[in-house]
2 protein chains.
Amino acid sequence: MTTIITTLKGQPLDKVVLDSMLRRRMFYTPSFEIYGGVGGLYDYGPPGCSLQANIVDLWRKHFVLEENMLEVDCTVLTPHEVLKTSGHVDKFADWMCKDPVNGEIMRADHFVELMLETRLDADKVARGLKVEKKDDKKKRKETKMPPIMLEESVVKEYQEVLARIDNYDGCELGKMIKKYDLKNPATGVMPSEPVPFNLMFQTKIGPSTNLPGYLRPETAQGQFLNFAKLLDYNQGNMPFASASIGKSYRNEISPRAGLLRVREFLMAEIEHFVDPQGGKKHDRFQEVAHVELVLLDRDTQLSGQTTTRKVAIGQAVQEGLVDNETLGYFLARIHLFLEKIGIDLTKMRFRQHMANEMAHYACDCWDAEMLTSTGWVECVGCADRSAYDLSVHAKKTGAPLLVRERREEPLVIEEWEIDLIRKNFGPLFKKDAKAVEAALMASSQEERARMAKQMQETSKATLEVPDIGNGTVEFNDECIKIEFRKRVENTREYTPNVIEPSFGIGRILYSLIEHNFWMRGSDGGDETRGVLSFPPTIAPIKVLIVPLSSNSQFTPHIKKLSQQLRNLGISNRIDDSSASIGKRYSRNDELGTPLGITVDFQTLQDGTVTLRDRDTTDQLRAEASKILDAIKALVDGSKNWDMVASELPKFEGQEVEIAIR
Amino acid sequence: MTTIITTLKGQPLDKVVLDSMLRRRMFYTPSFEIYGGVGGLYDYGPPGCSLQANIVDLWRKHFVLEENMLEVDCTVLTPHEVLKTSGHVDKFADWMCKDPVNGEIMRADHFVELMLETRLDADKVARGLKVEKKDDKKKRKETKMPPIMLEESVVKEYQEVLARIDNYDGCELGKMIKKYDLKNPATGVMPSEPVPFNLMFQTKIGPSTNLPGYLRPETAQGQFLNFAKLLDYNQGNMPFASASIGKSYRNEISPRAGLLRVREFLMAEIEHFVDPQGGKKHDRFQEVAHVELVLLDRDTQLSGQTTTRKVAIGQAVQEGLVDNETLGYFLARIHLFLEKIGIDLTKMRFRQHMANEMAHYACDCWDAEMLTSTGWVECVGCADRSAYDLSVHAKKTGAPLLVRERREEPLVIEEWEIDLIRKNFGPLFKKDAKAVEAALMASSQEERARMAKQMQETSKATLEVPDIGNGTVEFNDECIKIEFRKRVENTREYTPNVIEPSFGIGRILYSLIEHNFWMRGSDGGDETRGVLSFPPTIAPIKVLIVPLSSNSQFTPHIKKLSQQLRNLGISNRIDDSSASIGKRYSRNDELGTPLGITVDFQTLQDGTVTLRDRDTTDQLRAEASKILDAIKALVDGSKNWDMVASELPKFEGQEVEIAIR
């Protein structure tokens, strides 16, 4: 199914126009561009940087403040051993292949995807069908091939492969390259067998070279390693969540142009630690149970479909579509956050990961995906990491990454226990002592019962220990003691499970831009101009201040207004350039500035100014102090434009004409 | 002069007590501690992280918002070529020496410093004088030596070396090690000759290994590289400032324990671009001219003194003590910022760098230094980087990192100009053509006048070009033309100078903690307890909510208050543990929580609650809504405790007793 991506007002989205506007207004820009740039690295200019800060600020309020999460700031530099234990050294890799002729390095799944898409496109052309334009892949141009029609069954097979392209491992990708005879168009030869390429940036810590380290690929590990301290800070109370906002790094093999696949990116991650017993209930779940989400579950995808279902999260959890309340609670909270910052809810869905698509640490995962001009983009992952990370780090270091909880009802345990009488045990088994002890400790209750009986009858007992002697070890009653004992446990120990909502801020920011973009004047008339209709809380700059002309009488008024807004903590920008008012306003529509104040000759007489709304271009006029009050309410979200417009007189003077044009 | 470091209330500061408190309350903690930790890497726990976020937030308001700075967010990953050009690859190094026996690696200046201080201490002990305790150097213990008296002249020489320890290069440090016979106490041998060790972390960008890169050592370079785009964004207006908040990295040879010398740290940097002509005036200088700063200038230090002088910045600039208004403006703004966040002004000074102490790019620099238990610590640098960075990057890349400005008065230039007649010039000089052309273009007006005369008289002219032929090159009138021409320039081109205030957030945060720390109850009575008297705007958590007891009737009140505070954006923490109210309050005094609300039985009857002030432990009592209004005013800084206390009734119920104890 081909989806045409539209703007906020339903116009077809022209990516070229949007990109040029974002570049011109310096939302973001390739890093080191005067040195030729580096793939996958982007700098945020003033509006992008401010947009990012506003998203982060709202995130902190929506999650950290609202839920009393324990925010931490851990280092990016991470020693080898930590990421070895977490599994990233061995498993955090993409499949890479190399062209044996020109040495070009390619991501294997991207290569297969591109080649099959090219063949499908050539087939479409041959059949006289429309080919969807995709602009995210640089290589596409050189890959173009003449129209060749494919057999129906081949088309279907290619489409099925593409639908599951994220699920293949290197071996499978390698087989497909051979099976479909996929050759690099640049050289005409087949690339090498895919090999894993670890995505972590490596470095060395300290002046001696013996401490290799990495730039973290996620902020999560620092939170896990601090679990015991965080639990202590939280006075031992469970459940609780930690949170972290910071940069992470992935050395992408083939970063895409733009913010969607970059090598350095800002993440905001929550690790919610919960008792795995009791169904992972959440005590605020009822507050969100009514929130309706658009879900695309695993089974639907497995059947090759992408049909979504809109369902209240309360019901989704009840039906078992979403595994538990805690996971469901966070899906709903993520939804509410994205709605708050201005994501278009008609371009959003939650997609469940398929089994072989999940990260090595996850046991379930739902992604919040946004529809953009490059298709559905994963912006937030919400994974159930179970007890994986805490367990592996505890095992490796011996640190008690667990919760000790007083049992309400003491637990009575009756079982066979084995005591070693060490002074005799060691000398008896010598070099085998450790292995024999381990086998004893691992013995089952049944075996122990049998051994106790043997011991009682013969003062000796045997146990099969494969690798020792002839495989049977004999114990006497001077080296071990076996007793049936009753024990009362007042404390329960458990390793918490982790639910992890993980936000890619750059991807959210880019989606937000596309979702709020539209073209003014495209219904005919003059040239069209871009507008970014960000909500005022999120907009990079809140207020544009313009004097009617360069008349110096306006200057003190302009300066005073700017200072008054700053005192209210409201970012503003003065545009006293010689451009027409209309032009100055439309320049700031491109920045997404929601409000504009004009100072004109009437201001000099009565102290009134006009206030313009970016989206409707309607204007109001009142005393400066009343306008400032209105701005404050609009920016903090306590009022919307309609409410303000009902309270202040409308203005239809000459500037309106100029501004609307 | 020995200074005893005191707390906010003048008590001697007990570093051990403070450190233990910071650790217990998880302000910060060694990263990867369960893996044994890594030197110079620290994680911020919840209160440290929140403190950091509040400092950054205030920084953004004080600088970025107030001055309409252009904030950018550039990547940490930086390709080799950029840092080669900036000089960091060659010059950003410390001097390192190695013990040839045990392989220990030491920073050469630290080694010399430690050894001389140890000898001076031993001398003091021999003379029966008191030895200052320093706790920042791990090695100090093993360095201890028996009391030995030194000659007066030697004491003086050592002291002079120590006063200038930041100014020596590796060669000088090496000479001192030999001259003073400094041997590593661990092995009894002299360390090797100091060699430079580059402080940048190196990595590789991309899957092929041909793009070496570094983690940036400062955020500045990204701002310089984007200069042309930023100027354009600013509609060509000068002066303007960019700003950036982000992590930087320095692979310290011997990081100290604590936050003062770490390998990964948060910086906030401003690059203010200013026209070098016209004395670097600043149009808001008058707003700060009255601000008094404590200055320690270069000349005073050269004379071996540390006497400071308190002087209004207006006067300091007038006297030439501070070079120009822009530099002075920022020194004053830095002072005001540090005051606002709660730095103790009696423990702060601005120290001018000595000539050989400055970074390779700086031509003048003043540091804002804070007095802490480890001495004076540089927390903010304010450097004049002149046109260094923009010039080197422009030269390397050919990018126009400059300002083009319309001249008010066109500039008339009359001078000798040389035109090449290329079709003849090239064939005539062949392989020397480039060098000859360069020599011609570099020729002075005098030489050109002489050559023109020769040409007129003989149709030939000569110029000395050392490395070509016999050193004299002859030109005919078919290969060059020399004319005296008049030219009118309407545009002026210049490379801006840069004034750079650069903030080390971690160092500021640590100094702030020490400056706000004191011990309650140290005037006798019970055990003493730590308090952190942060200003409410900066405090990690604003309000503690405590129920009088665990009675479940209090729960709905507690929850409602917490929600109401969150709706106001005010962070709060409920402590419903079974500890006494006094204990719960003092736990939160340690976190620096400025306000506390108690819910008690009276609350159930009349809806009133008490509000406690951390610093005085005074309490007020009023309806919850009035208390919330008061909290809001205290947190946003519009009222202080005395103002609030004059408006609401004092409370002296039984809880006061418990709380004050």
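Are there any GluC sites (Glu not before Pro) in region B:144-250 that are in a DSSP loop and have at most 10 other Cβ atoms within 10 Å? List them by number. Could you put the intermediate results ahead of the total?
On the way: sites: B:Glu151, B:Glu152, B:Glu157, B:Glu160, B:Glu172, B:Glu218; in loops: B:Glu151, B:Glu218.
Passing both the DSSP loop test and the Cβ count: B:Glu151.
Along region B:86-95 the Karplus relation, 6.51 cos²θ - 1.76 cosθ + 1.60 evaluated at θ = phi - 60°, assigns HN-Hα couplings of 5, x, 6, 4, 8, 10, 8, 9, 10, 8 Hz to successive residues, with x for each Gly and Pro.
Calculate the dipole size of the protein assembly as shown relative to its Cα centre from +1 charges on Lys and Arg beta carbons and -1 charges on Asp and Glu beta carbons; express the result in debye to the nearest 20. Could you put the intermediate results ahead of the total?
Values: 174 positive and 196 negative charges, 176 e Å.
In total the dipole reaches around 840 debye.
Here region A:94-198 is assigned +1 on the Cβ of each Lys and Arg and -1 on the Cβ of each Asp and Glu. Its dipole about the Cα centre then comes out at about 420 debye.
Taken one residue at a time, the phi angles of region A:321-329 give Karplus couplings (6.51, -1.76, 1.60, θ = phi - 60°) of 5, 10, 4, 7, 4, 5, 4, x, 4 Hz. Gly and Pro are set to x. May I have the pair-distance distribution P(r) for region B:1-140, computed from all Cα-Cα distances with 5 Å bins from 0 and rounded to whole percent? Here the calculated profile for region B:1-140 is 2, 6, 8, 10, 13, 15, 17, 14, 9, 4, 2, 1. The modelled label-to-label distance between B:Asn470 and B:Ser646, using points 7 Å beyond Cα along the C-beta direction, is 9.6 nm. Once Rg and the Kirkwood radius are both taken over the C-alpha atoms of region B:409-492, their ratio Rg/Rh works out to 1.02.
Averaging the inverse of every distinct alpha carbon separation and then flipping it gives the Kirkwood radius. What is it for region A:541-647, in angstrom units?
By the Kirkwood definition, the hydrodynamic radius is 13.6 Å.
Across chain A, the mean sequence separation of Cα contacts (distance under 8 Å, 6 or more residues apart), normalised by length, yields a relative contact order of 13 percent.
With a threshold of 22 Å on the Cα-Cα distance, the over-threshold entries among A:Lys542/B:Lys281; A:Lys204/B:Lys98; A:Lys310/A:Lys340; A:Lys204/B:Lys178; B:Lys156/B:Lys179 are A:Lys542/B:Lys281; A:Lys204/B:Lys178.
Projecting the Cα atoms of B:Ala186, B:Tyr158, B:Phe197 onto the dipole axis of region B:94-198, where Lys and Arg carry +1 and Asp and Glu carry -1 at the beta carbon, places B:Ala186 farthest toward the positive end. Accessible surface of B:Ile55, taken over heavy atoms with a 1.4 Å probe and every protein chain present, rounds to 0 Å². Residue and distance for the chain B Cβ closest to the axis that moves B onto A, in whole Å, come to B:Thr203, 2.
Using a 1.4 Å probe on the protein chains only, how many percent of the accessible area of the protein assembly as shown belongs to carbon and sulfur?
Values: 29280 of 58850 Å².
Answer for the protein assembly as shown: carbon and sulfur cover 50 percent of the accessible area.
The protection proxy used here, the mean number of other Cβ atoms lying within 10 Å of each residue, ranks peptides B:544-554, A:591-601, B:442-452, A:19-29 as follows, highest first: A:591-601, A:19-29, B:544-554, B:442-452.
Taking the chain by itself as reference, region B:245-260 contains these residues with an accessible-area loss of 20 Å² or more in the full protein complex (1.4 Å probe, heavy atoms): B:Lys247, B:Tyr249, B:Asn251.
For the residue pairs A:Lys15/A:Lys632; B:Lys61/B:Lys396; A:Lys560/A:Lys583, alpha carbon separations beyond 28 Å are given by A:Lys15/A:Lys632; B:Lys61/B:Lys396. Once the C-beta distance of B:Thr300 and B:Asn210 is scaled by a Förster radius of 51 Å, the resulting FRET efficiency is 0.50 to the nearest 0.05.
Taking the alpha-carbon centroid of each part, what is the distance from region B:1-51 to region B:255-272 in angstrom? About 15 Å separates the Cα centre of region B:1-51 from the one of region B:255-272. For the set B:Ser244, B:Ser50, the ranking by accessible area, highest first and with no ligand, DNA or RNA atoms included, is B:Ser50, B:Ser244 under a 1.4 Å probe. Between A:Tyr42, A:Val64, A:Val274, the Cα set farthest toward the positive side of the dipole of chain A (charges on each charged residue's Cβ, about the Cα centre) is that of A:Tyr42. Electrostatic bookkeeping for A:Pro196 treats Lys and Arg as +1 and Asp and Glu as -1; over the other residues with beta carbon under 10 Å from its beta carbon, the sum is -2.
What quantity of accessible surface, computed with a 1.4 Å probe and excluding non-protein components, is buried in total between chains A and B, in Å² to the nearest 100? Write out the running numbers ahead of the final one.
Details: alone 32800 and 32850 Å², together 58850 Å².
Between A and B, the summed buried area is about 6800 Å².
Think of a 1.4 Å ball rolled over the protein heavy atoms: the protein assembly as shown then has 45 Å² of accessible area per residue. Across peptide A:27-34, the mean count of Cβ atoms from other chains lying within 10 Å of each residue's own Cβ comes to 6. Mind running the shape call on region B:147-303? Use the C-alpha gyration tensor, a ≥ b ≥ c as the square roots of the eigenvalues: rounded below 1.5 for a/c, prolate if a/b tops b/c, oblate otherwise. Verdict is oblate for region B:147-303.
Label separation (B:Lys175 vs A:Thr458): 8.7 nm, computed from points 7 Å beyond Cα along the C-beta direction. Counting Cβ atoms of other protein chains within 10 Å of each residue's Cβ and taking the mean over peptide A:347-359 gives 0. Starting from the Kirkwood radius over alpha-carbon pairs of the protein assembly as shown, derive D by Stokes-Einstein at 37 °C in a medium of 0.692 mPa s and give it in µm² s⁻¹. So the translational diffusion coefficient is about 92 µm²/s. Diagonalising the gyration tensor over the Cα atoms of chain B and scaling each eigenvalue by 5 before taking the square root yields semi-axes of 57, 34, 23 Å, largest first. Helical runs (DSSP H, four residues minimum) scored at -39500 (n - 2.57) apiece and divided by the length of chain B put the mean residue ellipticity at 222 nm at -10000 deg cm²/dmol.
Using the Cα centre of region B:1-123 as the reference point, and only Cβ charges (+1 on K/R, -1 on D/E), how large is the resulting charge dipole? Debye, rounded to the nearest 20. Intermediate values should be presented prior to the final figure.
Working: 12 positive and 19 negative charges, 79 e Å.
Rounded to the nearest 20 debye, it is 380 debye.
How would you order A:194-204, A:469-479, B:65-75 from highest to lowest mean count of nearby Cβ atoms within 10 Å?
Values: A:194-204: 18.9, A:469-479: 14.0, B:65-75: 22.0.
Going by the mean number of other Cβ atoms within 10 Å, highest first, we get B:65-75, A:194-204, A:469-479.
Taking every C-alpha pair closer than 8 Å and separated by at least 6 residues, the mean separation divided by the residue count of region A:94-198 gives a relative contact order of 44 percent.
The values are calculated or read from the model by the stated rules, or taken from the named source; none is laboratory data. This structure is a prediction, so every number in the text was calculated from the model and none was measured. Cβ atoms come from the backbone with ideal geometry, glycine included; neighbour counts cover every protein chain shown. Remember, those area values only see protein heavy atoms, side chains included, never the ligands or the DNA or RNA. Shrake-Rupley method; radii C 1.70, N 1.55, O 1.52, S 1.80 Å.
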